Amino acid sequence: MTSDFTVFDWQRLLLGLPPELYMLEIGLKILIIFAILLLVLRLLGKHGQQNLSPMQQLLMIALGSAAGDALLYPEVPIAYAAVILLGVTVLTVGLEKLSEHVRPVRNYVESHPRILVKDGEIHWDALHSERTTRRELFAELRIKGARSLSQVELAILEVTGDISVFLNDRSPANQDLLDYVVDEDKHEPSPPED
């Protein structure tokens, strides 16, 4: 196999193959893409700076790809990246506005909160369908101060991916959430038989 480059060519490794002045062009592209991304953040509003909804996560992936391509590849003009960045942002904001008023769109785009634990009982079907593991659930319950499943009135998987935990006022009958960490073979609730 023949190749058109020299192995361990430090000029190519560190500065690349384009002319050295291409670094200045990359600097200019960074400034322009950065200004466009600031505009995108303004369009998203303050909500976009907190926990991201699934649509906003999708938007961030698209934005990163479009911005990165324009910065890395000399044949990708900034205009293409700008159209993609602004177009995907406007589409996302429009879909979010539509989902505020049309419930089926909201449920499809953003899903809805799911109850994972109710009155100390784990809803295994919800846990599996949301691809949440028992370890993740138990860790969240412990972080929120639960020592036992019997203390958990409700544990809700929110659309942001956070788990809201509501504890009752009863003293725990056992410490199964702590025992789960200390000795996984004991006191571990098991999923129902299929």
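Any read-out appearing in this document is the output of simple, stated calculations on the displayed coordinates, not a laboratory observation. The shown structure was predicted, so the numbers you read here are calculated from the model rather than taken from an experiment. Because the Cβ atoms are built from the backbone with ideal geometry, glycine has one as well, and the counts that use them run over all protein chains shown.
Using only Cα atoms and rounding to the nearest 10 degrees, what angle (0 to 90) does helix 54-72 make with the longest principal axis of the chain? Once rounded, one gets 20 degrees. In segment 10-108, the C-alpha radius of gyration followed by the widest Cα-Cα span (Dmax) gives 16.8, 57 angstrom.
Lysine pairs in the chain whose alpha-carbon atoms fall under 28 angstrom of each other, counting only those eight or more residues apart or on distinct chains, come to 6. Order of Leu141, Leu167, Leu15 from fewest to most other C-beta atoms within 10 Å? So the residues, fewest neighbours to most, are Leu15, Leu167, Leu141.
For segment 57-80 versus segment 98-112, the inter-centroid distance based on Cα atoms is 28 Å. Between the helical axis of 134-143 and the longest alpha-carbon principal axis of the chain there is an angle of about 80 degrees. For percent of Cα pairs over 27 Å apart, computed directly from the structure shown, the correct entry in [x] 55; [y] 42; [z] 33 is [x]. Mean residue ellipticity, 222 nm, helices only, the chain: the sum of -39500 (n - 2.57) across DSSP H runs of n ≥ 4, divided by residue count and rounded to 500, is -17000 deg cm²/dmol.
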